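Here is the structure we will look at.
The values are calculated or read from the model by the stated rules, or taken from the named source; none is laboratory data. Because the structure is predicted, anything quoted here is derived from the model rather than measured. We place every Cβ from the backbone using ideal geometry, glycine too, and count neighbours over all the protein chains shown.
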Amino acid sequence: MLVWERPEPPSRPVPASLSRDRIVRAAIRLADADGLEAVSLRKVAAVLGVGPMRLYGYIASKEELLDLMVDAIHAEIRPVGDDWREVLRSLAETTRQAAHEHEWLCDLLGGRPQLGPHALARGEAVVAALGAVDVDAVMPVVGAVDAYVIGAVRREIAERRAERASGMDQRHWQASLGPYLERTFATGRFPALATVVRDAAHLDADETFRIGLDFLLDGIGAGISR
């Protein structure tokens, strides 16, 4: 039986009352502070002031705990809008926001199917907004948006982590590479790249995400209208 269907044990006030929600919230606090490597049943139990064995009445494994953590964050992803385009845009933006607020989420998105109640509620809202779309196209459309968001946020989070590790923000990192790129482009071997680097607008992450999403939604719209 999956964790979503398995009943919790009866509440015990001594030595400390527990619930899956309290366990998951404690795990999320650990992950928000120090990443997924900081999450273990032993550490979560310590935060809650109980022995690790108490947790096994509620959660069978760390994998179940990770599934519950991801589903809890899906409660923050509530797409809204009056048509399919607005809902898909909201889906993308709220997923990206959740990933930036809970950096560890990008390491778990796109993994095992998310079947918890909050993930299913998110899916229901999105699929309902695509009611006019051919039923065979619904999942490819949603999958395309999810894939775009996952790829974008993983790149953004990877850049953030690299900045922390190097101690340089993106502007200083680009400046440090400037002389190398100038020498390389001067060879004439990469004329197309040189034109883009020198002449194209240098967009920030928000603008890059928005423009890329616009291209994707335009393509979806063209496909739907055919």
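Considering the stretch 40-50, the residues that are outside any helix (DSSP H, G or I) and surrounded by 13 or more Cβ atoms within 10 Å (Cβ to Cβ) include one that is nearest to the chain's Cα centre (by Cα), namely Ser40.
A residue that is among the small types (Gly, Ala, Ser) and in a loop (DSSP other than H, G, I, E, B) can be found somewhere in the stretch 19-28. Residues in the stretch 124-133 that are touching a residue at least 24 places away in the same chain (Cβ under 8 Å) and either under 17 Å from Ile224 (Cβ atoms) or in contact with an Asp or Glu (Cβ under 8 Å, 6 or more places away or on another chain) (or both): Val126, Ala129, Leu130, Ala132, Val133. The single condition from (1) in a helix (DSSP H, G or I); (2) over 25 Å from the mean Cα position of the chain (by Cα) that Val149 fails is (2). Just one of the numbered conditions (1) crowded, with 16+ Cβ neighbours inside 10 Å; (2) assigned to a helix (DSSP H, G or I); (3) more than 14 Å from the chain's Cα centre (by Cα); (4) not assigned by TED's automatic domain parsing to the domain that holds Asp218 is not true of Ile59: (2). Taking the criterion of being outside any helix (DSSP H, G or I), hydrophobic (A, V, I, L, M, F, W, C) and either surrounded by fewer than 12 Cβ atoms within 10 Å (Cβ to Cβ) or at pLDDT 95 or above (or both), the only residue of the stretch 124-146 that qualifies is Ala132. For the stretch 71-85, indicate whether the set of residues that are surrounded by 17 or more Cβ atoms within 10 Å (Cβ to Cβ), more than 25 Å from Gly223 (Cα to Cα) and not hydrophobic (A, V, I, L, M, F, W, C) is non-empty. Scanning the stretch 71-85, I find at least one residue that is surrounded by 17 or more Cβ atoms within 10 Å (Cβ to Cβ), more than 25 Å from Gly223 (Cα to Cα) and not hydrophobic (A, V, I, L, M, F, W, C), so the answer is yes. Of the numbered criteria (1) free of Cβ contacts under 8 Å to residues at least 60 places away in the same chain; (2) under 14 Å from the mean Cα position of the chain (by Cα); (3) assigned to a helix (DSSP H, G or I), the one Ala121 fails is (2). Taking (1) without any contact (Cβ under 8 Å) to a residue 24 or more places away in the chain; (2) surrounded by 15 or more Cβ atoms within 10 Å (Cβ to Cβ); (3) more than 29 Å from Ala222 (Cα to Cα) in turn, Glu37 satisfies each apart from (2).
Filtered by the rule that a residue be among the aliphatic types (A, V, I, L, M), assigned to a helix (DSSP H, G or I) and either modelled with pLDDT of 95 or more or within 19 Å of Arg154 (Cβ to Cβ) (or both), the stretch 196-216 gives Ala205, Ile211, Leu213, Leu216. Take Phe209 and decide whether it is surrounded by 10 or more Cβ atoms within 10 Å (Cβ to Cβ), of a type in the set (Phe, Trp, Tyr) and closer than 27 Å to Glu93 by Cα. Answer is yes for this residue.
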